[in-house]
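S.K.: Below you'll find the structure I mean.
The values are calculated or read from the model by the stated rules, or taken from the named source; none is laboratory data. Every value quoted in this text rests on a predicted model; they were computed, and no experiment measured them. Please note: Cβ atoms are built from the backbone with ideal geometry, for glycine as well, and neighbour counts cover all protein chains shown. In case anyone asks, the SASA skips ligands and DNA or RNA and just uses the protein heavy atoms, side chains included. Shrake-Rupley method; radii C 1.70, N 1.55, O 1.52, S 1.80 Å.
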Amino acid sequence: MGSYSEFHRRSIEQREAFWREEASRVHWHKPFSQVLDYSRPPFARWYVGGETNLCYNAIDRHLAERAAQKALIWISTEVGEEKSYTFAELHAEVQRVAAMMQALGVGRGDRVIIYMPMIAEACFAILACARIGAVHSVVFGGFAASSLAARIDDARPRLMITADGGSRMGKSVLYKALVDESIRLAKSPPEKVLIFRRGLDPKLQMVAGRDVDWAELAPKHAGARVPCVWLESNQPSYILYTSGTTGQPKGVQRDVGGYAVALASSMERIYCGRPGETMFTTSDIGWVVGHSYIVYGPLIAGMTTIMYEGVPIRPDAGVWWKIVQDHKVSVMFSAPTAIRVLKKQDPAYLQKYDLGSLRYLFLAGEPLDEPTHVWISEALHKPVIDHYWQTETGWPILSAVPGVERTKLKFGSPSFPVYGYDLRLLRESDAADAEDNEKAVVAIVPPLPPGVMTTVWGDDERFVKTYFTTFAKKMVYATFDWGIRDAEGYYFILGRTDDVINVAGHRLGTREIEEAVNMHPNIAECAVVGVADPLKGQMPLAFAVAKNATGLEAPENRKRLEKEVMETVDRQLGAIARPRAVHLVTLLPKTRSGKTLRRAIQALAEGRDPGDLTTIEDPGALEQLKNALAAA
Ligand code: AMP
């Protein structure tokens, strides 16, 4: 064990030597000629000229030593099934799916949208894309048809892979029907859709000439041998869409080699996962955590990974701890909202199972409040590590790094900058470095480390403009988070600097939700803000102005319109974006130049002082807001 601060310093000051050493953790078919090409800032190209493959590193490389070890354990408490696959079996399944995809015309560089529930076949599809050099774009199953259509038009996939449905809290969620709708809305739909049928949609309709039944195609490719396609390190591996302040989601693009190295390194240094052990990440494959630490990370590390379809409290609140016991999980990764859900249940469930194998619980995705951090640490008697990252970075930005040094944990803090990140706290006004205990913008001085996004899919200019132009004087990557560092060097994240909100760890842009609310034919304009929620961290709240207010004095008419607006949001974006309430007003608080005073609205909604409102055009708007909130 060395000193972490020394380790971190070396990763910045001797960047190339450091990352050259870390690169030996992955298999290179052809060695790289240059560790880093930073000739075109802020674009960083890692391991130039090197050739590798993510699927090879995740599966093939382990076959000599671990062919009979479990690679993937799929557990569904929704449909009451459990299945496991050894590395050899996963190798066969992935090759079969790769052959199926090739038969459907997919080749190197083609995009494949995967819109699937948490089933093993989703994992096969992801790895099969990586194997043949196709670029996957996994879309979270909670998104609605028009969100999916926007992603189709941006990625222009050759193939979409879906299932008839998923299941949540015992209820079927139909995926294929939603895919049909999204393809109807899309301008550049794929020619083929591959469908895995689980028997969850008895009314499923196949579209002749377009839809292909997985069960019919799979037997034709049993035993297929599909070699890995070697890719130059900087080729795209995947696109993952994420919300920002505009309505148009951004396609976060990642490379191959840098990502493989960052994951291999973090698995040992941050997560302390050892080959042959088991990792249980409770996220969804549709999120970045699922990509990095359900699928690629643990497999690259030679670990068994658990993929779980279900919720943490069904059949009871002990289900996750039973999994830890039964599968001897050594590393677990979850999100604060899930822990807050468990906190409301009987604590006896935590004593019921033998958690002796568990070394660490990692939490990320949203702020971890101190009481929840204290509660779960005491209940588990294990270190609970809060760590901070973004879809863009693909792996943590701030974390304890116990594989290098077991530093003291502080409740409410994700500890220190992760090695490779030249992290700064910069004053908003002049980009100067902030003092200790001074709130400032969390920024990263480029080049960004391996594993972090390389560009916005199809739009280099947007990448630069979105992330590197916050400060006029310095070209730094802005995280759009506020942070603070204490005198001991521990960081604390204090929320977003932009109009992005975080609902149970899911990132949503308030603009996106406003656009969805405005799709209702009787809504003229609206303002959506995030308000604090004890369980989910934040929830959207909408204030909307009706085009035609006739009849809206009657409470039942208002209720009906509010309900219709919520349904519109469900249809446009999905239920995760549904506002907690829609308040109908006739006026929104705006400045004289017409800007909606979102921060004042948010303050009022959270019962705080809205601050200086001298720029407001019509104070009557605030009164309406207060009355609407009081009546709720
Ligand atoms: P996403 O890319 O959807 O994972 O969202 C990333 C955002 O989630 C960050 O910019 C933060 O605002 C928030 N976030 C993620 N992890 C943490 C954490 N450990 N503490 C506080 N906020 C976090």
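S.K.: Name the one entry in 302, 297 that is part of a helix (DSSP H, G or I), under 23 Å from residue 91 (Cβ atoms) and either open to solvent by less than 20 Å² (accessible area, probe 1.4 Å) or touching a strand residue (DSSP E or B) at 6+ places or on another chain (Cβ under 7 Å) (or both).
M.R.: Just one listed residue meets the conditions, 297.
S.K.: Moving on. Tell me which strands (runs of 3 or more DSSP E) are completely within region 51-124 and hold 1 or more residues being closer than 19 Å to residue 200 by Cβ and basic (Lys, Arg), or say none if there are none.
M.R.: Filter on region 51-124 gives 81-86.
S.K.: Which count do you get for residues in region 484-506 that are within 12 Å of residue 415 (Cα to Cα) and near the ligand (Cβ under 9 Å from one of its atoms)?
M.R.: 2
S.K.: Counting only residues that are farther than 24 Å from residue 301 by Cα and within 16 Å of the ligand (Cβ to nearest atom), give me the helices (runs of 4 or more DSSP H) lying completely in region 327-416 with at least 3 of them.
M.R.: Filter on region 327-416 gives 336-343, 370-380.
S.K.: Turning to a different aspect of this structure: For region 1-46, name all the residues that are open to solvent by less than 30 Å² (accessible area, probe 1.4 Å) and closer than 30 Å to residue 62 by Cβ.
M.R.: 4, 11, 18, 19, 22, 23, 26, 35, 36, 44, 46
S.K.: For the condition more than 16 Å from the ligand (Cβ to nearest atom) and either basic (Lys, Arg) or farther than 27 Å from residue 240 by Cα (or both), what is the one hit in 567, 553?
M.R.: Being more than 16 Å from the ligand (Cβ to nearest atom) and either basic (Lys, Arg) or farther than 27 Å from residue 240 by Cα (or both) holds for just one of 567, 553, which is 553.
S.K.: Of all residues in region 514-525, how many are open to solvent by 30 Å² or more (accessible area, probe 1.4 Å) and either part of a helix (DSSP H, G or I) or not acidic (Asp, Glu) (or both)?
M.R.: Qualifying residue count for the region: 6.
S.K.: Among the residues of region 472-483, count how many are aliphatic (A, V, I, L, M) and within 13 Å of the ligand (Cβ to nearest atom).
M.R.: Number of matching residues: 1.
S.K.: Related question: How about region 242-297: which of its residues are in contact with a Leu (Cβ under 7 Å, 6 or more places away or on another chain) and at pLDDT below 95?
M.R.: 243
S.K.: Any residue at all in region 526-540 that is over 20 Å from residue 606 (Cβ atoms) and either assigned by TED's automatic domain parsing to the domain that holds residue 605 or crowded, with 23+ Cβ neighbours inside 10 Å (or both)?
M.R.: No.
S.K.: What is the one condition in (1) of a type in the set (Gly, Ala, Ser); (2) touching a Phe, Trp or Tyr at 6+ places or on another chain (Cβ under 9 Å); (3) crowded, with 19+ Cβ neighbours inside 10 Å that residue 431 does not satisfy?
M.R.: (3)
S.K.: I've got another one for you. What's the number of the condition residue 287 fails, among (1) among the aromatic types (Phe, Trp, Tyr); (2) under 23 Å from residue 137 (Cα atoms); (3) away from the ligand (no atom under 16 Å from the Cβ)?
M.R.: Only one criterion in (1) among the aromatic types (Phe, Trp, Tyr); (2) under 23 Å from residue 137 (Cα atoms); (3) away from the ligand (no atom under 16 Å from the Cβ) is unmet by residue 287, namely (3).
S.K.: Step by step: first the residues of region 333-360, then only those that are free of Cβ contacts under 8 Å to residues at least 24 places away in the same chain and under 12 Å from residue 318 (Cα atoms), then the one that is surrounded by the fewest Cβ atoms within 10 Å (Cβ to Cβ). Which residue is that?
M.R.: 348
S.K.: Next up: Under 6 Å between Cβ atoms, at least 6 apart or on separate chains: pull out the pairs that start in region 466-479 with a residue that is part of a loop (DSSP other than H, G, I, E, B) and end on any residue that is of a type in the set (Gly, Ala, Ser).
M.R.: Listed by first residue and then by second, the contacts come to 470/478; 471/431; 473/431; 474/431; 476/443.
S.K.: Within region 553-585, count every residue that is open to solvent by less than 20 Å² (accessible area, probe 1.4 Å), part of a loop (DSSP other than H, G, I, E, B) and within 23 Å of residue 621 (Cα to Cα).
M.R.: 1
S.K.: Regarding region 100-110, can at least one residue be identified that is in contact with a Gly (Cβ under 6 Å, 6 or more places away or on another chain) and buried (at least 19 other Cβ atoms within 10 Å of the Cβ)?
M.R.: no
S.K.: Does any residue of region 369-379 turn out to be touching a Lys or Arg at 6+ places or on another chain (Cβ under 6 Å) and surrounded by 23 or more Cβ atoms within 10 Å (Cβ to Cβ)?
M.R.: no
S.K.: Could you grab me the full set of residues in region 417-448 that are part of a strand (DSSP E or B) and of a type outside the set (Val, Ile, Thr)?
M.R.: 417, 423, 424, 425, 426, 433, 440, 443
S.K.: Can you find a residue in region 149-158 that is at positive phi, open to solvent by 10 Å² or more (accessible area, probe 1.4 Å), free of Cβ contacts under 8 Å to residues at least 60 places away in the same chain and assigned to a loop (DSSP other than H, G, I, E, B)?
M.R.: Checking region 149-158: at least one residue is at positive phi, open to solvent by 10 Å² or more (accessible area, probe 1.4 Å), free of Cβ contacts under 8 Å to residues at least 60 places away in the same chain and assigned to a loop (DSSP other than H, G, I, E, B).
S.K.: Condition test on residue 451, is it open to solvent by 10 Å² or more (accessible area, probe 1.4 Å), of a type in the set (Gly, Ala, Ser), within 30 Å of residue 263 (Cβ to Cβ) and within 16 Å of the ligand (Cβ to nearest atom)?
M.R.: No: the conditions fail for residue 451.
S.K.: For region 455-463, check the following and say yes or no: at least one residue is more than 30 Å from residue 26 (Cα to Cα), open to solvent by less than 10 Å² (accessible area, probe 1.4 Å), modelled with pLDDT of 95 or more and not β-branched (Val, Ile, Thr).
M.R.: The answer is no, given that none of the residues of region 455-463 is more than 30 Å from residue 26 (Cα to Cα), open to solvent by less than 10 Å² (accessible area, probe 1.4 Å), modelled with pLDDT of 95 or more and not β-branched (Val, Ile, Thr).
S.K.: Name every residue in region 263-272 that is in contact with a Lys or Arg (Cβ under 8 Å, 6 or more places away or on another chain), within 13 Å of residue 401 (Cβ to Cβ) and not in a loop (DSSP other than H, G, I, E, B), in order of residue number.
M.R.: 265, 268
S.K.: Still on this structure, please answer the following. Looking at region 591-610 only, could you name the residues that are more than 31 Å from the chain's Cα centre (by Cα) and under 14 Å from residue 529 (Cβ atoms)?
M.R.: 610
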